[in-house]
Structures are given as C-alpha cells and as structure tokens.
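The values are calculated or read from the model by the stated rules, or taken from the named source; none is laboratory data. Predicted, not measured: the structure shown is a model, and the values here were computed from it. Here the Cβ positions follow ideal geometry from the backbone for every residue, glycine too, while neighbour counts run over all protein chains shown.
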Amino acid sequence: MKKYMFLFNVFIVVFLVITTGCANLKNQLIEERKMIASGFIGCKPSEIDIKDNKQYTYTAVCKNKRFYCIVAPTASCKEEMK
C-alpha cells in the first residue's frame, strides 16, 4: 500500500511540474509575439492583445486596430483590410 501511495504522489508531482511549465511557456510565447508585433505595428508591447494564437499565425489588437501576423518563414504583420 505504501508503494502505491508513493507512486501516486510522484505522479501528482510530475503532473503539476509539467502543467505549470506548459502555462509558463504559453505566457512567454505571448509576450514574445507582442514584442515582435510591436516593431511592425508601432504600439508598445503592453498595449497589444494577442488573439487567435495559433502555431504560426496570430492576431494582434492595438488601439482598436486589428493586425494579422505570421511568424514563419519570417515574421510580419499587416493591418486588417476594411
């Protein structure tokens, strides 16, 4: 019984480490994308909201303007056409 409790506790610790690490990586990715978009759209990273965050594309919103951004093969952002 003690062996199973030990294995269960190890599983819980590993699970928490993995899920916490993934959350931090996601936040870091969003911050990096804000900095990239900032250079293209002329807003401070703190003024940018990232929406529709996918593997290679995302939408940056700043001052009620929407920009479509891509990060591969090279980074760029273009303002939404009206």
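Mind listing just one residue for me: the one in the range 19-46 that is closer than 15 Å to E79 by Cβ and of a type outside the set (G, A, S) and, of those, surrounded by the fewest Cβ atoms within 10 Å (Cβ to Cβ)?
F40
So which pairs qualify, if the first residue must be in the range 35-52 and over 16 Å from I70 (Cβ atoms), the second must be outside any loop (DSSP other than H, G, I, E, B) and small (G, A, S), the Cβ gap must be under 6 Å, and the two must be at least 6 apart or on different chains?
Note: pairs meeting the criteria are P45/S38.
Counting only residues that are closer than 19 Å to N27 by Cα and either among the β-branched types (V, I, T) or over 17 Å from the mean Cα position of the chain (by Cα) (or both), how many does the range 45-82 have?
7
Would you tally the residues in the range 45-64 being touching a Lys or Arg at 6+ places or on another chain (Cβ under 9 Å) and outside any strand (DSSP E or B)?
Residues meeting the conditions: 5.
Looking only at the range 65-78, count every residue that is modelled with pLDDT of 95 or more and part of a loop (DSSP other than H, G, I, E, B) and tell me the total.
Going through the range 65-78 one residue at a time, the tally reaches 0.
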